[in-house]
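The values are calculated or read from the model by the stated rules, or taken from the named source; none is laboratory data. In this text, all values refer to a predicted model and were calculated from it rather than measured experimentally. Reconstructed Cβ throughout: ideal geometry from the backbone, glycine too, with neighbour counts over all protein chains shown. Quick note on the areas: whole protein, heavy atoms, side chains included, nothing else; ligands and nucleic acids left out. Shrake-Rupley method; radii C 1.70, N 1.55, O 1.52, S 1.80 Å.
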Amino acid sequence: MKVYRPEIDGLRAISVIAVILYHAEFTIAGHTLLRGGYIGVDVFFVISGFLISQILLTEIEATGRIDFLKFYARRARRILPALFAVVFVTIPFAYYLLLPSELLDFANSIGSSLLFGSNIYFYFTAAQYGEPNTLLKPFLHTWSLSVEEQFYIGFPLLLLITRRYFKSRFLPCVLLVASLSFVLCVVTVRYDQQQAFYSPLTRAWELLAGTLLAYHEVRRGRPRPRPLLAAAGLLLVLGSLILFRKDTVHPGLVTVIPVIGTCLVLAFAGHQDAVGRLLASRPAALTGLVSYSLYLWHYPVFAFLRLTSLNFNNGDRFLAIAATVLVAVVSFIVIEKPLRHSRKSRALWIYLGSSVATITAAVVSAISMAGFPHRLDQIYPPLAQTNEARLESTFLSLNNNIQAGKPIIFIIGDSHARNWSIALKNYIDADRYQVVAISYLNCMVEIKNDIVKAPSRASIYDKYCIPFEKYINDKSLLSRTKAIFLTSLRPFEYTVNPFRFELLSWMKSHSDDARIFVFGNYFQLDELHSCLGLMFQRKSDASICLREATYPPPNQPLEQLPFFPSDLAFTYVDIVKLHCDYDKERCLTSSRGVPFITDWNHLTAEFLTTLIGDILEKRTADLRSDGLLDFLVPPHARQSERTASSQPNAGRTSSASP
C-alpha cells in the first residue's frame, strides 16, 4: 500500500519556490536573488523518477506486468486537465498581446507540448533558457514536462525489456543507461549547452537517479532515517540553489550535487528528524501539493505581465507571484484535484478529448494564418511592411558584381550590418567606390596564421558566415580598401563578438591605409520589449518607443566603456547627436510608415535610409571635418549629379560634397 510522505511535497515546495523566484528575477541592492533557482527543475526530475519508478516497480513485482492503460490514464489525469486550463486561459491574452511572429511561436509551443516534444521544439528554435527574450515565451517552461513525459514513455519500455530479456539484471541495465546518459551530458554540454539542457538523453540520468533509489526501496524496504544524511542532502540542494549562477556549466558535473542531495533527502528524511519535520510542515506540504499548478501558471503570468509592464520592477514581481498563487490555488481546487480523483471517467475523457480538439483547431488556425498579421495593419500599414521586407531582402545581393581594381569600402558588423549596409549603399559615391557588405552574425571568428576563420554556430547562419570568410580573406579586396564602416550593437559594450576591434586592426593592416568609422546606435528599448509590441499593445505610433527608450545615454564617456579600443585609430559617428542632439522632441521615429525599430534595437532599413540622408543634408560641415564626406554623398548632391548626367552634353559632377 502506498504511504503518503509529506516531506516529498515539502521538497517539491522548495523546488517550485526556487524556480518561481529565479524566473521573477528579484533584485536587491543590484544583485539578482537566487540565481541558481533553475536547479529546482533538477530536483523535480529526481522526485519524478523516484515516484514513477516506485509505482511501476511495485506493480511489476506484484503482478509481473505493467497495466499501460491504467498507468497512462493516471498520468493523463495528473498532467492534462490543469495544462489544458492554462492553455485555454492564455490563448486570448496571446491573441491580444503577441505579435504575429510571437503568436506563431506560441501556437507551435502549445502544439509541441501536446505532442510531448516542447523541449525539442525550443532547442531547434534557439530558445536559450534564461536569456531575456525567453522570459516572454509563455510556454517555455513546458520543456521540463516534455522531458518527464518522454521518460514516462521510455522507462516502462526499459523495465519490460530488461525483465523479459535480462531477467534479474535490471539494476546493472539502469546503471548502464544512467552512466551513458551522464557521460553524454558531460560531453555535450562542452560544445552545445542548449542541447544538453533540453535533451531527454542528457537528462535521463537525473530521473534514473530516482529510479535507483526506488529500486532499492522496493527490493529492500526504505532505509531507516538518518538525520545527518538528510540534513546534508538538504544543504546540498539549498547550497546549489544559492551558489549556482547563470554561467555555471549546467547540466554537467556540478549537477551531481543537487541530484545527490535530493536522493539523500528522499532516502533518509524521517518524521522524527528536523529535516523531515521541516519539509512535512503544513505550509511546506500544502505548497508542494499545489506545486504542479504553481509551476504551470507562473511562467505565462510572468511573461504576459512583463510584456505589458514597461518597467518590470520588484513591485510588479510581487504582483506576478500573487497572481500566480491565486490562479494556481483556484486551478488546483476547481480543476486539478477534482478531475485527478474523479470517478466519472467518461466525463473526464470527454473533457480531455474536446480540449485536445479545440486546442488543436486553435493551433492549426494560428499557424495556417501566420499569426494573424492583419492585427498589425492599424499601426504598421501592409504596404510599409512589404516595402521594408523588400529592402531587407536585398542584403545578400549587395556584393554582386564586384568590379576589379575599384577602391573598396567595407561595411562590416553583426546583425546590424544588414540594414546599415542597405541604407549606406544609397549614399556611397558609387563612381569612386565599390561596397563590400558582410556580417559575422553567429560566426565564430578567429584570426590565426594571418587567416580569418569564421565557421557558423548553426547551418542557418552559413549565408552570412561563408561570404564573410570569403571576402574578409580576399587580399585583393583588402589591399584596395579605403574605408571600413563598423555597424554593431553597442560597439564598446556588447559582450558578444568581442573580436570586432581586433578584426578591424587586422583589416587595416592589410588595407590601403583605410579610414575606420564606428557608427553609434540610435535609440533602443530594453531587451524585454519590442517597439512593434509596444505599438501593438498600446495602439500607438513609434513615438512611444522613443519615449521609453533607455539607450544610449547622452554624453556617454566612451573611453570608459569595456571594449573601447584605445590602441586603434578610428572616427566615432554619433548619429543621435548629429541628428537631434539627444532631444527626443526633435528625433525622427518613422519613415514612410515604417517605425525606426520593430524589435528592441535593430534600425529598419527604410528609417536608416531617411536618417542617414537627413544627417548628410544637415550636418555637412561636421561630416566633412570627420572625413566621412570623402566616401558619402549628400542626397541633394546626388540629385544634382543625376540631373546633370541626364542632360545632353552636360558635364558630370564629380565632387562628393556640395
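Here the spin labels are modelled as points 7 Å beyond Cα on the Cα-Cβ line, and at Asp474 and Asn449 they lie 2.3 nm apart. Of the peptides 346-359, 109-122, the order by per-residue mean of other Cβ atoms within 10 Å, starting with the highest, comes out as 109-122, 346-359. Quick check on the range 188-333: take the gyration tensor over C-alpha atoms, sort the square-rooted eigenvalues as a ≥ b ≥ c, and tell me if it's rounded (a/c under 1.5), prolate or oblate. Oblate, since a/c reaches 1.5 and b/c is not below a/b. Only protein atoms count toward the accessible area here, which uses a 1.4 Å probe; on the range 387-451, the carbon and sulfur part of that area reaches 46 percent. Fully extending the segment from Thr386 to Arg78, taken as 0.36 nm per residue of separation minus the present Cα-Cα distance, adds 106.2 nm. Of the Cα atoms belonging to the range 499-585, the radius of gyration and Dmax stand at 16.8, 51 Å.
Based on the mean of other Cβ atoms within 10 Å per residue, sort peptides 96-103, 455-462 so the most packed one is first. All intermediate terms of the calculation are to be shown ahead of the outcome.
Values: 96-103: 19.6, 455-462: 13.2.
Peptide ranking by packing, descending: 96-103, 455-462.
Could you give the length gained by full extension between Val89 and Thr550, i.e. 0.36 nm per residue of separation minus their alpha carbon distance, to one decimal place?
Working: separation 461, 0.36 × 461 = 165.96 nm, distance 3.27 nm.
Separation in residues times 0.36 nm, less the Cα-Cα distance, equals 162.7 nm.
Once the piece of chain linking Asp581 and Ser459 is laid out straight, how much longer is it, given 0.36 nm per residue of separation minus the C-alpha distance between them? If you can, show how the numbers build up before the last one.
Values: separation 122, 0.36 × 122 = 43.92 nm, distance 4.16 nm.
Extra length from Asp581 to Ser459 when fully extended: 39.8 nm.
For the range 256-373, taking the reciprocal of the average inverse distance between every pair of different Cα atoms yields a Kirkwood hydrodynamic radius of 18.1 Å.
When both bridge partners sit in the chain, DSSP labels roughly 35% of those beta bridges antiparallel. Karplus-based coupling profile of the range 236-245, in residue order and whole Hz: 5, 5, 5, x, 5, 4, 8, 8, 5, 10, with θ = phi - 60° in 6.51 cos²θ - 1.76 cosθ + 1.60 and x standing for Gly or Pro. Binning the C-alpha pair distances of the range 118-255 at 5 Å intervals from 0 yields a P(r) profile of 2, 9, 14, 18, 19, 16, 12, 7, 3, 1 %, listed from the shortest bin outward.
State the percentage of accessible surface on the range 161-258 attributable to carbon and sulfur atoms; use a 1.4 Å probe and exclude ligands, DNA and RNA. Ligands and nucleic acids excluded, carbon and sulfur reach 67 percent. Over the range 347-413, the fraction of Cα-Cα pairs per 5 Å bin, rounded to whole percents and listed from the shortest bin up, is 3, 11, 11, 11, 10, 10, 9, 8, 8, 7, 4, 3, 2, 1, 1, 0. Rolling a 1.4 Å probe over the protein chains gives Asp513 an accessible area of about 120 Å². Principal axis analysis of the Cα atoms in the chain yields extents of 102, 54, 48 Å, listed in decreasing size. Helix 256-268 and the long axis of the chain differ in direction by around 20°, with both axes built from C-alpha atoms.
A DSSP coil position with no more than 15 other Cβ atoms inside 10 Å describes the following trypsin sites (Lys or Arg not before Pro) in the range 541-638: Arg592.
With a simple spin-label model that places each label point 7 Å from the Cα along the Cα-to-Cβ direction, the separation between His636 and Ile333 comes to 7.3 nm.
Arranged from highest to lowest average of other beta-carbon atoms within 10 Å per residue, in what order do the peptides 567-575, 604-612 appear?
On the way: 567-575: 14.9, 604-612: 23.7.
Result, highest mean first: 604-612, 567-575.
Computed over protein heavy atoms with a 1.4 Å probe, the accessible surface of the chain works out to 45 Å² per residue.
Taking 28 Å as the cut-off for C-alpha to C-alpha distance, list the pairs among Lys463/Lys584; Lys539/Lys584; Lys406/Lys470; Lys406/Lys453 that go past it. Walk me through the intermediate numbers first.
Values: Lys463/Lys584 37 Å; Lys539/Lys584 20 Å; Lys406/Lys470 18 Å; Lys406/Lys453 26 Å.
Too far apart for the 28 Å limit: Lys463/Lys584.
Stokes-Einstein diffusion of the range 457-558 at 25 °C, 0.890 mPa s viscosity, Kirkwood radius from Cα pairs, rounded to a whole number: 148 µm²/s. Inverting the pair-averaged 1/r between distinct Cα atoms of the range 522-639 gives 15.6 Å as its Kirkwood hydrodynamic radius.
Label positions at Thr63 and Ser397, each projected 7 Å from the Cα along the C-beta direction, are separated by 6.6 nm. Against the main long axis of the alpha-carbon atoms of the chain, helix 382-392 sits at an angle near 80°. Hey, which lysines would be in cross-link range of Lys344, C-alpha to C-alpha under 27 Å, not counting anything within fewer than 8 residues on its own chain? In chain and number order, the partners are Lys2, Lys70.
Taking a point 7 Å from the Cα of Tyr191 along the Cα-to-Cβ direction, the residues of the range 243-274 with backbone N closer than 20 Å to it are 249-253.
Of the trypsin sites (Lys or Arg not before Pro) found in the range 182-260, those in coil by DSSP whose Cβ has at most 15 other Cβ atoms within 10 Å are Arg245, Lys246. Sorted into 10 angstrom bins from 0, the C-alpha pair distances of the range 19-58 split as 29, 31, 21, 14, 5, 0 percent.
Hey, with R₀ at 25 Å, roughly what FRET efficiency would Leu228 and Ser281 work out to, going by the Cβ-Cβ distance, to 0.05?
Details: r = 20 Å, r/R0 = 0.81.
Rounded to the nearest 0.05, the efficiency is 0.80.
Counted by Cβ distance under 12 Å from Asp581, the other residues give a net charge of +1, where Lys and Arg count +1 and Asp and Glu count -1.
Between Ile55 and Ala322, the FRET efficiency estimated from the beta carbon spacing at R0 = 30 angstrom works out to 0.30.
Whole-Hz Karplus values for the range 580-590 come out as 9, 6, 6, 8, 4, 5, 9, 8, 5, 10, 7 Hz, taken residue by residue from phi with 6.51 cos²θ - 1.76 cosθ + 1.60 and θ = phi - 60°; glycine and proline positions read x. Restricting the calculation to Cα atoms, every distinct pair contributes to the Kirkwood radius of the range 77-157, found to be 13.3 Å. What is the range 13-124 by shape, rounded, prolate or oblate, if you read a ≥ b ≥ c off the alpha carbon gyration tensor as root eigenvalues and call it rounded for a/c under 1.5, prolate for a/b larger than b/c, and oblate otherwise? The shape class here is oblate.
Between rounded, prolate and oblate, where does the range 306-398 land on the alpha carbon gyration tensor, with a ≥ b ≥ c its root eigenvalues, rounded for a/c under 1.5, else prolate if a/b exceeds b/c?
In terms of gyration-tensor shape, oblate.
Near the amide H of Gln434, within less than 5 Å, lie the amide hydrogens of Ile408, Ile409, all on another chain or at least 5 residues away, with H placed in the peptide plane.
For Glu131, Glu7, write out the residues from largest to smallest accessible area, computed with a 1.4 angstrom probe and no ligands counted. If you can, show how the numbers build up before the last one.
On the way: Glu131 60, Glu7 5 Å².
Ranked from most to least accessible, the order is Glu131, Glu7.
Across the accessible surface of the range 544-623, with the other protein chains kept in place and a 1.4 Å probe, carbon and sulfur atoms take up 47 percent.
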